[in-house]
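Here the structure comes first, spelled out in structure tokens, and everything after it is commentary.
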Amino acid sequence: MAVAVLLQGCGGTRGRGQLKYDSATNACRHQPASCAQAAGQEAVLPTAVRTFATAGGSAVAAVKLLDDALRQEVTEALEECANHARTQVILERFGNRSPTPEECREELDDVQGRTVTLAMKLGEEMHRVALRCAAEKLNALRPGGFSIEPTYQYDQGRKKKTWLSAADVDRIRQEGSLGELKGSLVPDVVLHAGHPDQVQAVYDFKFPCVDITIRPRWRDYPSGHPYAGKNQRDMYVEAFRVEVVIQVVPWLGAGL
């Protein structure tokens, strides 16, 4: 059956020979100075969509209290988006089977001329579908209280985060001041109290390519990165000062 086949996953396994996952702009997320085209933003969704979904950017909006019941509704909605994204992309590309490890490692050139793996390409496609789905569902569940792919600068010394609007990020890129974006944090989905600076919960989609029976680890920052020695979740908790930092994986659902 199609569902049984699709349960095998499409992103990365842990340990030796680990396959990378997430969007094709993965390297740019963590070392934006090395990639002008995608520096400081995931570029999975168009700027117009991200701007629309970043409610409260110009004024504090009146939003619902983020109680346990609403947070559970949001979590379930994002789980549905992850399942939908994986199913749609895999069915379109592979029919009723999953990609093989060899296929996931296959290298190809992306639209910017960079070499990426098929796993990264699939992850980018799944992110795009999942984030559009998330924007639609959250606009119904929590209008004015969420952002899709917001960008934050974080000063570790001062323990201070600063939200950058899509216009700010575009300006920095156009000016070539990529150092300003080094170490920026770009979660997939942020729930907030009416303004992106008032973070209440953080969600990241993860799309393994080969085996989704094992929850992927949060990505470790490499040597030389400002956050070397820590992982994504560590930095989200530190910068946003929230404990609700959750990854959402197809079929495995939400977890730490």
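Where a number appears in this text, it was derived from the coordinates with a stated rule and is not lab data. The structure presented is a predicted model; accordingly, all values stated were derived computationally and were not measured. Quick reminder, even Gly has a Cβ in these numbers, built from the backbone with ideal geometry, and neighbours come from all protein chains shown.
A few remarks follow.
- Rough spin-label spacing in nm, given labels placed 7 Å along Cα→Cβ, for LYS160 and ARG105: 4.8
- Using alpha carbons only, the radius of gyration of the stretch 109-256 set against its Kirkwood radius gives Rg/Rh = 0.95.
- Measuring between their Cα centroids, the stretch 154-225 and the stretch 67-122 lie 19 Å from each other.
- Rough spin-label spacing in nm, given labels placed 7 Å along Cα→Cβ, for ARG71 and GLN88: 2.8
- Cross-linked pairs LYS159/LYS230; LYS137/LYS230; LYS159/LYS182; LYS121/LYS160: Cα-Cα separations exceed 22 Å for LYS137/LYS230; LYS121/LYS160.
- Of the peptides 143-149, 215-221, the order by per-residue mean of other Cβ atoms within 10 Å, starting with the highest, comes out as 143-149, 215-221.
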